[in-house]
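For reference, the structure is listed below as structure tokens.
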Amino acid sequence: MTTGGLHILSGLVIASFIRNEKYKKAKWGLVWGSIFPDIDVIDSVIVFLITGDLEGAVFIHRTFTHGFFAMGLVLLIGVIISQTKEDLRWVLLFSIAFVFGMITHTLYDLLDGYVAILAPFTFTKYSITGPILGYQTNTIYITAFNETYYKAWNAFDLMSDSLVYLILWYWSTHKANIEKEQKFAKILLIVSLIGIVYFGFLFGLAFTDISVIMHLALIYVVWVLIFLPFTTVLIHIKLRDTIQDFSFLDLRKS
């Protein structure tokens with residue numbers, strides 16, 4: 001399972017190769033698009049907390065927001081908005097980059113799991129590395145791993161977001177020095193450290209006899225309430241200039 005942090009990091013790395021100032025807004029769109037599909041985790045968590053149905057909750061993830069229809073819809077909206085005003089022409093470039101980020105996200109998920117790439121027309125999930133998986137057999141995906149491994153991986157998955165926050169904090173405060181974003185960068189550092197400690201604790205807890213259901217609840221309730229808003233929305237708005245300035249190639253340069 002591709003971690004959320006890897007999706008963001010991938011977007012940042014790919015965006016680093018965009019060096020022309022004319023296309024810098026594309027960097028922002030690419031990074032945002034690389035993580036945006038996982039916003040459907042909100043629906044999964046709501047279903048899980050209300051019904052306790054782990055299989056149903058897991059199945060909701062990697063459906064509509066990971067599919068080609070959603071990508072086409074984003075592009076169409078971008079085209080429409082870009083035609084309304086001259087100073088909104090950049091929205092088209094942003095939406096193209098955003099969709100490219102979504103494509104990379106879905107590709108990674110197809111390599112390590114199952115994605116309903118044709119949703120909402122069909123919710124059959126496909127995988128590059130596994131057999132076609134429908135709703136009735138989705139349990140295969142959940143029980144394919146040892147419970148301890150499953151719990152530990154989920155804890156690390158959510159911690160990975162916090163690790164990427166550190167990279168953005170470092171770039172914002174030590175590289176870009178964009179004054180208007182410094183305050184949020186410091187907040188991001190605090191959130192990152194909280195995440196590392198909390199999900200690190202849950203990583204250790206994964207090796208106890210705590211149930212998968214309880215462990216997932218402890219993970220996702222906190223992640224949805226605190227970390228999901230940062231990962232999918234806040235860092236892309238509050239650190240927009242930092243993201244546009246970021247260069248993975250120059251990360252180690254003083």
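How many nm separate the modelled label positions at Asp112 and Ile190, each set 7 Å beyond the Cα in the direction of the Cβ?
3.1 nm
Residues in segment 26-41 near a label at Asp250, defined as backbone nitrogen under 19 Å from the 7 Å Cα→Cβ point?
Only 26-31 fall inside the zone, counting backbone N under 19 Å.
Once every DSSP H run of n ≥ 4 in the chain is given -39500 (n - 2.57) and the sum is divided by its residues, what mean residue ellipticity at 222 nm do you get, rounded to the nearest 500 deg cm²/dmol?
It comes out at -19500 deg cm²/dmol, rounded to the nearest 500.
Starting from the Cα of Lys180, draw a straight line to each of the aspartates and glutamates and keep only those under 17 Å, dropping any in the same chain fewer than 8 residues away.
Qualifying aspartates and glutamates at Cα under 17 Å: Asp241, Asp245.
Whole angstrom only: what separates the Cα centroid of segment 27-62 from the Cα centroid of segment 188-237?
Using only Cα atoms to place each centre, the spacing works out to 14 Å.
What percent do you get for the relative contact order of the chain when only Cα pairs under 8 Å and 6+ apart count?
Relative contact order of the chain: 25 percent.
What order do you get for Thr63, Thr129, Thr148 when you list them from fewest to most C-beta neighbours inside 10 Å?
Thr129, Thr148, Thr63
So what J values fall out for segment 149-165 if you push phi through Karplus, 6.51 cos²θ - 1.76 cosθ + 1.60 with θ = phi - 60°, rounded to Hz, Gly and Pro as x?
4, 4, 5, 5, 5, 4, 5, 5, 3, 6, 5, 4, 4, 5, 5, 6, 3
I need the semi-axes of the equivalent ellipsoid of segment 4-250: take the C-alpha gyration tensor, multiply each eigenvalue by 5, square-root it, list largest first in whole angstrom.
Semi-axes (√(5λ), whole Å): 31, 24, 14.
Label points 7 Å out from Cα along the Cβ direction at Val224 and Val197: separation in nm?
2.5 nm
Given a Förster distance of 22 angstrom, what is the FRET efficiency for Glu179 paired with Glu86, based on the Cβ-Cβ distance and rounded to 0.05?
Step by step, r from the Cβ atoms, then E = 0.15.
Quick note: the coordinates plus some simple rules give every number you see, no bench work behind them. Please read these numbers as outputs of a predicted model, since none were measured by experiment. Methodologically, a virtual Cβ is constructed for each residue, glycine included, from the backbone with ideal geometry; neighbour enumeration extends over all protein chains shown.
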